[in-house]
Amino acid sequence: QVQLVESGGGSVQAGGSLRLSCAASGYAPSRTCMGWFRQGPGKEREGIAGIYLGTGGYGTYYRDSVKGRSTISWDTAKNTMYLQVNSLKPEDTAMYFCAAESPNCWLGHGAERNFAYWGQGTQVSVSS
């Protein structure tokens, strides 16, 4: 019933930018956190950004490795979450996943356990 669909991934050169999208259906988040995770080959999945969709405003959270060059946002009209990533690096190469419905925006180890819904992922490949 709840569906999250990511798009916007692709192959880019180091220093380039991408905007990832996560279209949500069957779900209207309120007072909850949505987030972005990524997983490289042979690596653990890690939370990289979260946005808390409060009734009075939004709060955003970032992992140190992407903070300062990434922006997470939410478009209520489109029911879509975005992740803009600039200054891409080869180490950003991974499958990126959209996640929804966490009571908080904790991004540390094990954070994925807090999210109830997941998208299928979109691949990001950054070449040097």
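For the chain, give the share of DSSP beta bridges that are antiparallel, in percent and rounded to the nearest 5; count only bridges with both residues there.
Just about 90 percent of them are antiparallel.
Using θ = phi - 60° and the Karplus curve 6.51 cos²θ - 1.76 cosθ + 1.60, what whole-Hz ³J(HN,Hα) does each residue of the stretch 75-88 get, with Gly and Pro shown as x?
Listing the rounded values in order: 10, 5, 4, 9, 6, 9, 9, 10, 10, 8, 10, 10, 6, 4 Hz.
Could you work out which residue, out of Thr55, Thr32, Thr71, moves most in a Gaussian network model of the chain, that is, has the largest mean-square fluctuation with Cα springs under 10 Å?
Residue with maximal mean-square fluctuation among Thr55, Thr32, Thr71: Thr55.
Just order 117-127, 80-90 by mean Cβ neighbour count inside 10 Å, highest at the front, would you?
On the way: 117-127: 16.5, 80-90: 18.5.
Answer by packing, highest mean first, reads 80-90, 117-127.
What GluC sites (Glu not before Pro) in the stretch 1-89 are in a loop by DSSP, with at most 15 other Cβ atoms within 10 Å of the Cβ?
Details: sites: Glu6, Glu44, Glu46; in loops: Glu44.
For GluC sites (Glu not before Pro) across the stretch 1-89 that sit outside H, G, I, E and B with at most 15 neighbouring Cβ atoms in 10 Å, the list reads Glu44.
With an 8 Å cut-off on Cα pairs and a minimum separation of 6 or more residues, tell me the relative contact order of the chain in percent.
With pairs under 8 Å counted, the relative contact order is 36 percent.
Below 25 Å, Cα to Cα, which lysines can Lys43 reach? Residues fewer than 8 away in the same chain don't count.
The reachable lysines, counting only those whose Cα sits under 25 Å from Lys43, are Lys67, Lys89.
Carbon and sulfur atoms: what percent of the 1.4 Å accessible area of the chain do they account for?
Its accessible area is 46 percent carbon and sulfur atoms.
Rounded to whole Å, give me the distance from the Cα center of the stretch 77-128 to that of the stretch 1-63.
The distance from the Cα centre of the stretch 77-128 to that of the stretch 1-63 comes to 4 Å.
Taking trypsin sites (Lys or Arg not before Pro) as candidate sites, keep only those in a DSSP loop with at most 12 other Cβ atoms within 10 Å, then name the longest stretch of the chain containing none of them. All intermediate terms of the calculation are to be shown ahead of the outcome.
On the way: sites that count: Arg31, Lys43, Lys67, Lys78.
Value returned for the longest uninterrupted segment is 79-128.
The values are calculated or read from the model by the stated rules, or taken from the named source; none is laboratory data. Please read these numbers as outputs of a predicted model, since none were measured by experiment. Neighbour counts are summed over all protein chains in view; Cβ atoms, including those assigned to glycine, are modelled from backbone coordinates with ideal geometry. Heavy atoms of the whole protein, side chains included, go into the accessibility calculation; ligands, DNA and RNA do not. Shrake-Rupley method; radii C 1.70, N 1.55, O 1.52, S 1.80 Å.
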